[in-house]
Amino acid sequence: MIHDPQHTVTAARALPDMRLALTFADGFEATVSLKQWSRRKPLRALADAAVFRRARVDARGGYVVWIADDLELAADNLRNLAVEQAGGIGHERLWNWMDRNALTQERAAAAIGISRRMLNYYLSGAKPIPLTVWLACLGWESQRAA
């Protein structure tokens, strides 16, 4: 049973130039580039084309796996990366803003003038984060720093 369809990968296919074609359980499809990520020490093995071609989805759809228990990326990180690379605002950006400002969900929602329920939709990735919401976060942070 899928509990979190926006963070459950149903298909992953390795493409040339270190790109992955991904399909998520909620029907979202995206192609992500992992070229920059392969420069990070834990993911350097992805630069090997033979390793990269091994991409497969784990049994529950929570990860794309290249080497079991050693080289894998979580579905929520891949979804966030797909959204960001497509020019959107990934849910992790909102989580990082809250963490950077030591905000609870209640305080974060109040700070930017939205309901806690809507904030939870954005944090979970269930709904896309509108640019206006992200700009409100940045504006709040800017005013606090001033």
Checked ALA25, ALA11, ALA55 against criteria (farther than 29 Å from TRP134 by Cβ, touching a residue at least 12 places away in the same chain (Cβ under 8 Å), crowded, with 16+ Cβ neighbours inside 10 Å and not assigned by TED's automatic domain parsing to the domain that holds CYS137); the one match is ALA55
The residue from ASN77, ASN101, ASN120 that alone is closer than 24 Å to ASP17 by Cα and either of a type in the set (D, E, K, R) or touching a helix residue (DSSP H, G or I) at 6+ places or on another chain (Cβ under 9 Å) (or both) is ASN77
Restricting the search to segment 116-146, which residues are more than 22 Å from the chain's Cα centre (by Cα) and loosely packed, with under 12 Cβ neighbours inside 10 Å?
SER142, GLN143, ARG144, ALA145, ALA146
Take ALA68 and tell me if it is over 19 Å from GLU84 (Cβ atoms) and at pLDDT below 90.
yes
If I filter segment 28-48 down to residues being at pLDDT 95 or above and loosely packed, with under 15 Cβ neighbours inside 10 Å, which single residue comes out as nearest to GLY87 (Cα to Cα)?
THR31
Restricting to segment 34-63, give me the number of residues that are of a type in the set (A, V, I, L, M, F, W, C) and in a strand (DSSP E or B).
1
Quick check on segment 71-92. Is at least one of its residues over 20 Å from GLN6 (Cβ atoms) and not β-branched (Val, Ile, Thr)?
yes
Residue list for segment 91-110, filter: touching a residue at least 24 places away in the same chain (Cβ under 8 Å) and under 10 Å from the mean Cα position of the chain (by Cα):
HIS91, ARG93
ASP4 vs (1) in contact (Cβ under 8 Å) with a residue 60 or more places away in the chain; (2) touching a strand residue (DSSP E or B) at 6+ places or on another chain (Cβ under 6 Å); (3) over 30 Å from GLY139 (Cα atoms): all pass except (2)
GLY61 crowded, with 16+ Cβ neighbours inside 10 Å, at positive phi and not aromatic (Phe, Trp, Tyr)
yes
Output the number of the condition that LYS127 fails; it satisfies all remaining conditions of (1) part of a helix (DSSP H, G or I); (2) modelled with pLDDT under 95.
(1)
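The values are calculated or read from the model by the stated rules, or taken from the named source; none is laboratory data. Small disclaimer: the values here were computed from a predicted structure and weren't measured. Neighbour counts are summed over all protein chains in view; Cβ atoms, including those assigned to glycine, are modelled from backbone coordinates with ideal geometry.
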